[in-house]
Amino acid sequence: MKVVILAGGMGLRISEESQHNPKPMLEIGGMPILWHIMKEYSYYGFNDFVICAGYKQNMIKDWFASYFIRNNDVTFDFTKGNEHVTVHDRHCEPWKVTVVDTGLHTMTGGRIKRIQPYIGNEPFMMTYGDGVCDVDIAKLVEFHQSHGKLATLTSVKLKQDKGILVIEDNTVRAFREKRGADGTTINAGYMVLEPEVFEYIEGDETVFERDPLERLAREGQLMSYSHSGYWQCMDTKREKDILDELLLRGQAPWKKWQD
């Protein structure tokens with residue numbers, strides 16, 4: 001099953017970093033967050049990726065073009081008047097990576113629609129290139145296959161870390177500590193989609209999270225896989241620093257693979 005990763009946006013909310021690099025290429029722990037997401041899937045045996053690129057898409061292509069050499073010891077021999085390259089050890093992930101230029105201003109649904117020729121008539125997974133998670137992807141796929149619907153998304157509950165105000169008629173009636181049920185359930189990505197989902201997307205202007213998902217929900221074709229573990233997007237410099245710190249301390253929940 002192929003894994004589609006949306007990696008084409010401009011990352012305006014973290015513009016102090018993404019003005020130089022596409023957001024999925026911003027590094028945490030010395031490697032792009034895109035790489036971390038791919039390692040998550042690879043841990044569960046999913047190694048065929050389709051990257052929906054856009055903003056600064058050439059940087060994503062260049063990074064993968066040099067990935068093999070960058071991750072192995074290399075001898076460059078110029079002694080005979082030409083270049084001879086010897087790659088030692090040849091350690092690399094068993095990945096197949098297709099990077100597709102899905103346009104600079106294309107919306108999320110449009111990006112998914114554009115990679116349809118690379119998916120064919122098969123189920124596929126899809127997630128966003130700016131968030132990490134410790135969801136059990138094997139169980140997510142098993143859940144999707146068990147219910148027979150067209151789409152599954154992973155839902156997480158954002159933790160509420162502030163005290164709660166009880167307000168009536170603009171008057172604060174009470175202040176209490178947070179409870180587990182106070183969080184907001186959101187779409188965390190990590191979806192499994194049947195190929196029929198392509199038919200719900202009209203074109204480049206389609207925002208996948210609006211008409212397609214809303215229509216799937218109305219038709220009873222959208223299921224939620226509830227995840228109570230770790231999930232974190234990287235929308236701000238502060239969130240990037242949090243992810244960096246977790247890796248530095250060896251406490252990154254999403255990092256299940258061995259170095």
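Any read-out appearing in this document is the output of simple, stated calculations on the displayed coordinates, not a laboratory observation. Small disclaimer: the values here were computed from a predicted structure and weren't measured. Cβ placement follows ideal geometry from the backbone for every residue including glycine, while neighbour counts extend to all protein chains displayed.
Couple of notes before you dig in:
- Using the Karplus relation 6.51 cos²θ - 1.76 cosθ + 1.60 with θ = phi - 60°, the per-residue 3J(HN,Hα) values for the stretch 106-117 come to 5, 7, 4, x, x, 5, 5, 4, 5, 9, 3, x Hz, with x marking Gly and Pro.
- Relative to the longest principal axis of the Cα atoms of the chain, the long axis of helix 33-43 makes an angle of roughly 90 degrees.
- What the Cβ-Cβ distance of Met1 and Cys92 gives, at R0 = 22 Å and to the nearest 0.05, is a FRET efficiency of 0.55.
- Gap separating the Cα centres of the stretch 40-106 and the stretch 123-157, nearest whole Å: 26 Å
- Relative contact order for the chain, counting Cα pairs under 8 Å that sit 6 or more residues apart, in percent: 24 percent
- Cα gyration tensor category, rounded, prolate or oblate, for the stretch 78-160 with a/c compared to 1.5: prolate
- Of Lys113/Lys240; Lys56/Lys157; Lys39/Lys157; Lys23/Lys157; Lys39/Lys240; Lys56/Lys237, those spanning more than 28 Å from alpha-carbon to alpha-carbon: Lys113/Lys240; Lys56/Lys157
- Helix axis angle, 237-248 relative to the chain longest principal axis, alpha carbon, degrees: 60 degrees
- Think of it as helices only: each DSSP H run of n ≥ 4 in the chain is worth -39500 (n - 2.57), and spread over all residues that comes to -7000 deg cm²/dmol at 222 nm.
- Structure-derived Kirkwood radius over Cα pairs in Å - corresponding label in (i) 19.6; (ii) 20.2; (iii) 18.6: (ii)
- A protection proxy built from the mean count of other Cβ atoms within 10 Å ranks the segments 61-71, 32-42, most packed first, as 32-42, 61-71.
- Inter-site label distance for Arg249 and Tyr43 at 7 Å from Cα along Cβ, in nm: 1.8 nm
- Counting only residues at least eight positions apart within a chain, or on another chain, the aspartates and glutamates with an alpha carbon under 12 Å from that of Lys2 are Asp48, Glu122, Glu194.
- When the chain is treated as a GNM with alpha-carbon contacts under 10 Å, the residue of Gly30, Gly189, Gly103 showing the greatest mean-square fluctuation is Gly30.
- Val197, Val4 arranged by Cβ crowding within 10 Å, fewest neighbours leading: Val4, Val197
- Shape call, the stretch 23-151: gyration tensor on alpha carbons, a/c limit 1.5: prolate
- The calculated FRET efficiency for Lys149 paired with Asn71, based on their beta-carbon distance and R0 = 41 Å, is about 0.55.
- Going from the residue with the fewest nearby Cβ atoms within 10 Å to the one with the most, Val3, Val74 rank Val74, Val3.
- Degrees between helix 137-147 axis and first principal axis of the chain (Cα, 0 to 90, nearest 10): 60 degrees
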